[in-house]
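Asker: I have a structure here, written as structure tokens, and I will follow up with some questions on it.
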């Protein structure tokens, strides 16, 4: 009997039993899917001291510049030793001397003319004194002649005299009267002659003052300590009146006209003057600089280079008063005292004229202020501002905030944040409130980079 066909039965039975065993068990419970988490960058909101700043750029100029102009003509006979462009000279240093020979001769001539006029005045005074004494004598003689004339007339009337005697006495009287009149007229002319001589003396004295002034102008001295900015004079050179000899820049102080955008300077002004505006209802813009000083707005000047040098403290002195028509910037003038002075332990090169610098204006520190990055601030369709936060369970929260001034890359927050919150940077996608977050601190990213 052939049993080969029966060999297929055992495998079939095993397969059926396995299928029954596999399908007869209870269905296992399905596993719940894990909740999705969104990785976001975060940083802690920490109250801190905030200083509102604005910056502008400009070039350094000397506070005072002076140009030596020749006021007399002549040949340059002396220059100060080592005088050249870039030299530092002290106040009162004799810089240039122009030949004084002609001026000295003019002075001597004027002195001689003055002596001549003074001698004429002395002579006139002596003549006046002599004429006054002579007039007294002539007046006495006139009285004697008058008395003699009266006597001979009396004799003639009594018949004891002659007409010839009367005529002779009268002639003598008239001659003496003429002499007295001439002397009186001469004395009346002396005051006018004296006035003319004194006027001539005044002219001569003015000529002397002019000559002496010309001598003073022949010597040019430095009015202040400064650096020679330009040099146009040489020894032996003939100069004419009005020629420029050299220019000098003061080293006592330097000024910078900082070109500042009004939009960046506005927060500094508003923050600093906010209390004054609220208390007084405003301030007079003509006293703008004084108001900034009272509010404690400061300025620093820095070299606009890649190297980091210590800044110079500066004083805000005035506003230019006009806007630049090309850049739309406003000019604010600041002053730096002793720009060439080096200080111990301070890495800072001299602040030379024409250096390109950065001027940083800053308000008084505002303690316990909260600021967030501008890219972490969002606006809704209604224009209201809000930020994304991570709550204590690391879930997304949307919170409305009230903002203040923009300070560089940050925005001040006046209401809505108190400190200690976890601020979400950027825009979560999608921004579903309550969604689970995986926090990535900004500091960790910085360290990882």
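Asker: So how many residues does the stretch 378-391 have that are surrounded by fewer than 18 Cβ atoms within 10 Å (Cβ to Cβ) and either in contact with a strand residue (DSSP E or B) (Cβ under 9 Å, 6 or more places away or on another chain) or at pLDDT 90 or above (or both)?
Answerer: Here is the first cut: in the stretch 378-391, the residues surrounded by fewer than 18 Cβ atoms within 10 Å (Cβ to Cβ) are 378-386, 391.
Remaining after also requiring either in contact with a strand residue (DSSP E or B) (Cβ under 9 Å, 6 or more places away or on another chain) or at pLDDT 90 or above (or both): 378-380, 384-386, 391.
Number of matching residues: 7.
Asker: For the stretch 180-285, please list each of the strands (runs of 3 or more DSSP E) lying entirely inside it that holds at least 3 residues being buried (at least 18 other Cβ atoms within 10 Å of the Cβ) and at pLDDT 85 or above.
Answerer: Per the criteria, 226-231, 244-250, 253-260.
Asker: Moving to a separate point now. Filter the stretch 317-341 down to the residues that are exposed (fewer than 12 other Cβ atoms within 10 Å of the Cβ) and under 17 Å from the mean Cα position of the chain (by Cα), then identify the one that is nearest to residue 294 (Cα to Cα).
Answerer: Out of the qualifying residues, it is 321.
Asker: Okay, next question. Among the listed residues 358, 294, identify the single one that is outside the structural domain of residue 417 (by TED's automatic domain parsing), under 27 Å from residue 49 (Cα atoms) and either free of Cβ contacts under 8 Å to residues at least 24 places away in the same chain or not in a strand (DSSP E or B) (or both). I'd like the intermediate steps shown before the answer.
Answerer: Working: 358 fails: either free of Cβ contacts under 8 Å to residues at least 24 places away in the same chain or not in a strand (DSSP E or B) (or both).
Selected residue: 294, the only one of 358, 294 that is outside the structural domain of residue 417 (by TED's automatic domain parsing), under 27 Å from residue 49 (Cα atoms) and either free of Cβ contacts under 8 Å to residues at least 24 places away in the same chain or not in a strand (DSSP E or B) (or both).
Asker: Checking residue 260 against (1) assigned by TED's automatic domain parsing to the domain that holds residue 341; (2) more than 21 Å from the chain's Cα centre (by Cα), which test does it fail?
Answerer: Exception for residue 260: condition (2).
Asker: Could I ask something else about it? Just checking, how many residues over the stretch 367-390 are touching a residue at least 12 places away in the same chain (Cβ under 8 Å) and not in a strand (DSSP E or B)? Let's see the steps before the verdict.
Answerer: Restricting attention to the stretch 367-390, the residues satisfying the condition of being touching a residue at least 12 places away in the same chain (Cβ under 8 Å) are 367-378, 384-390.
Keeping just the survivors that are not in a strand (DSSP E or B) gives 370, 374-377, 384.
The total comes to 6.
Asker: Another question, if that's okay. Could you pull out the residue among 88, 98 that is farther than 19 Å from residue 249 by Cα and either under 32 Å from the mean Cα position of the chain (by Cα) or modelled with pLDDT of 90 or more (or both)?
Answerer: 98
Asker: Would the stretch 388-405 turn up any residue that is under 30 Å from residue 335 (Cα atoms) and outside the structural domain of residue 305 (by TED's automatic domain parsing)? Before you say what the answer is, go through the steps one by one.
Answerer: Restricting attention to the stretch 388-405, the residues satisfying the condition of being under 30 Å from residue 335 (Cα atoms) are 405.
Now narrow it down to the ones that are outside the structural domain of residue 305 (by TED's automatic domain parsing): 405.
Yes, the stretch 388-405 contains at least one residue that is under 30 Å from residue 335 (Cα atoms) and outside the structural domain of residue 305 (by TED's automatic domain parsing).
Asker: Go through the residues of the stretch 136-145 one by one and say whether even a single one is assigned by TED's automatic domain parsing to the domain that holds residue 170 and either part of a loop (DSSP other than H, G, I, E, B) or touching a residue at least 60 places away in the same chain (Cβ under 8 Å) (or both).
Answerer: Step one: filter the stretch 136-145 for residues assigned by TED's automatic domain parsing to the domain that holds residue 170, giving 136-145.
Narrowing the set further to residues that are either part of a loop (DSSP other than H, G, I, E, B) or touching a residue at least 60 places away in the same chain (Cβ under 8 Å) (or both) leaves none.
The answer is no, given that none of the residues of the stretch 136-145 is assigned by TED's automatic domain parsing to the domain that holds residue 170 and either part of a loop (DSSP other than H, G, I, E, B) or touching a residue at least 60 places away in the same chain (Cβ under 8 Å) (or both).
The values are calculated or read from the model by the stated rules, or taken from the named source; none is laboratory data. Computed from a predicted structure; not experimentally measured. In this analysis, Cβ positions are derived from the backbone assuming ideal geometry, glycine residues included, and neighbour counts consider all displayed protein chains.
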